[in-house]
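Just so it is clear, none of the values below were taken in a lab; they were calculated from the coordinates. Everything quoted here is computed from the prediction, not taken from an experiment. Counting neighbours? That spans all protein chains shown, and the Cβs are built from the backbone with ideal geometry, glycine included.
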Amino acid sequence: MRILVLGSGAREHAIILALQSEEAGHEIFAAPGNAGIARDATIVDLDANSPGAVTDHANEHAIDLVVIGPEAPLVAGVADALRERGIPVFGPGKAAAQLEGSKAFAKRIMEAAGVPTGRAVHAYTRAEVEAAIDEFGAPHVVKADGLAAGKGVIVTEDREAALAHADAYLPAGPVLVEEFLSGPEVSLFFLSDGDHVLPLSPAQDFKRLRDGDAGPNTGGMGAYSPLPWLGEHVPAQAVEGESADPEDAFVDLVTREIAEPVIHQLDSEGTPFIGLLYAGLILTPQGVKVIEFNARFGDPETQVVLPRLIDPLSELLLAAASGHLEDHARPAFAGAAAVTVVLASEGYPEAPVTGRPLSGLDAASAVDGVHLAHAATAVAGDGLVATGGRVLNVVGLGTTFTEARDRAYRALAEIGLEGGQYRTDIAARVTD
Ligand code: AMP
Ligand code: GLY
């Protein structure tokens, strides 16, 4: 197949590496890509956020499938334009993508579909924010209603900090004050063709900047998959399911009670969701609840989920894009442990310092079981420089988490980036 992947991050690099590893052999194109992606795909000069430009390019170059990585092209209507021209595209249209872009839309869909989520209040004024904060009590959760790259959310014990966060976003529209949900978080991805869904394997993301979940929220500083501890947290509802394996029981439960109802609700409203439904879940003592949905693959979770996928990714994405997921069995995953650690620039997430040289990447990739997924790199002279906040992902695979983690951190030690930051505790508490 001739496949065009839109986006420039480590998630897109991971998608391209998975496509490239298939026996079938594909011609893979990427826009805009980055220096790492350029080694594994042909970069095309194209505005990935322009519906007209992407559609014309796909038509002129006989592209068989377009895969949309980030949310920006979705929100810009790129998938709608491609679909109108009959070009298979993996990614929802603008209307369905609101599931990620508008927390108010997501809450309404969840309510209509009977999907469990935290109680929330839309507050339009300072007084409404204060009333909601005091009703729910501490810890306080305040969210901007719109795309904020994971940075629009504050979770804090400090009432004043919660109010200050609300003050910062209120001029732009209502903010969401939410009930605090406690428990381990799980990211679970579903492929959807608008009607049928197929789950991928669960992963866990580390959202805070520093070790021990300290520091500000980020786009994600690391991830691992699978989740060997899921069995201890699977709520009683899941155990009634058919499957004896705790991960399967959990995935069955979320498929049945969360993903399918949401996909059917969107379909019944005339906004079918074709693409990747990302369910951000919290396993509360009262059962599994949704914290958020995203309309795209998660970053960095994709970097640990796709290397474990056994089935050809291209066939699954094309089946979703063309309404044929029903013909496919649930995707199978290798038992291997996967750990990814993100290397970020100094100053990330507030004000990343860019343009600094990277060294040691070849030595890092040479570590057994390790590969790199580039997030923000560019060629400068005969080397590479960092061009953004999250620079690259070191992915370690192993037969155990101890092995996967050791490999990832051994590889990271080879890499040089002045002021570079990374967490040293990714998957550290996972026991084999
Ligand atoms: P979101 O952008 O909605 O995914 O929020 C980012 C992060 O904030 C989540 O991954 C959680 O760690 C945390 N968070 C969001 N909402 C809640 C909540 N209601 N209760 C507890 N933690 C939350
Ligand atoms: N890992 C969080 C996200 O992709 O939104």
Next on the checklist: With viscosity set to 1.306 mPa s at 10 °C, what whole-number translational diffusion coefficient in µm²/s follows for the range 313-402 from Stokes-Einstein and a Kirkwood radius over Cα pairs?
Outcome noted: 100
Checklist outcome for this item: Env charge @ residue 86, Cβ radius under 15 Å, K,R +1 / D,E -1, value -3
Checklist entry - Which whole-percent values make up P(r) of the range 255-380 when all C-alpha to C-alpha distances are grouped in 10 Å steps starting at zero? => result 9, 28, 32, 22, 8, 0
Item to check | Linear extension gain, residue 24 paired with residue 413, 0.36 nm per residue minus alpha-carbon span | outcome: 136.5 nm
Next on the checklist: So if a site counts as exposed when it's one of the GluC sites (Glu not before Pro), its DSSP state isn't H, G, I, E or B, and it has at most 14 other Cβ atoms within 10 Å, what's the longest stretch of the chain without one?
Outcome noted: 24-156
Checklist entry - Between residue 2 and residue 126, what is the FRET efficiency for a Förster distance of 56 Å, r being their Cβ-Cβ separation, to the nearest 0.05? => result 0.55
Checklist entry - Can you sort 409, 124 so the residue with the fewest Cβ neighbours within 10 Å comes first? => result 124, 409
Checklist entry - Taking springs between alpha-carbon atoms closer than 10 angstrom, which of 276, 181, 170 fluctuates most in the Gaussian network model of the chain? => result 170
Next on the checklist: Test of understanding: what is the full-extension gain from residue 432 to residue 350, defined as 0.36 nm times their sequence separation minus their Cα-Cα distance?
Outcome noted: 26.0 nm
Checklist entry - For the modelled label position 7 Å from the Cα of residue 267 along Cα-to-Cβ, which residues of the range 88-108 have backbone nitrogen atoms closer than 16 Å? => result 92-93, 96
Item to check | Under 15 Å from residue 289, Cα to Cα: aspartates and glutamates that are on another chain or at least 8 residues apart | outcome: 111, 178, 179, 185, 252, 257, 260
Next on the checklist: If every alpha-carbon in the chain counts as one equal scatterer, what log10 I(q)/I(0) does Debye give at q = 0.08 1/Å?
Outcome noted: -0.42
Item to check | the range 19-161: antiparallel DSSP beta bridges as a percent of all, rounded to 5 | outcome: 50
Item to check | Sum of side-chain charges, residue 53 neighbourhood, beta-carbon under 11 Å (Lys, Arg +1; Asp, Glu -1) | outcome: -4
Item to check | Size of electric dipole in the chain: Cβ of Lys, Arg +1 and of Asp, Glu -1, about Cα centre, debye, nearest 20 | outcome: 740
Checklist entry - Which residues make up the longest stretch of the chain that has no trypsin sites (Lys or Arg not before Pro) in a DSSP loop with at most 16 other Cβ atoms within 10 Å? => result 152-428
Checklist entry - So what is the 222 nm mean residue ellipticity for the chain from helices alone, if each DSSP H run of at least 4 adds -39500 (n - 2.57) and you divide by all residues, rounding to the nearest 500 deg cm²/dmol? => result -8000 deg cm²/dmol
Checklist outcome for this item: From fewest to most C-beta neighbours within 10 Å, the residues 165, 122, 196, 13 line up as 122, 196, 165, 13
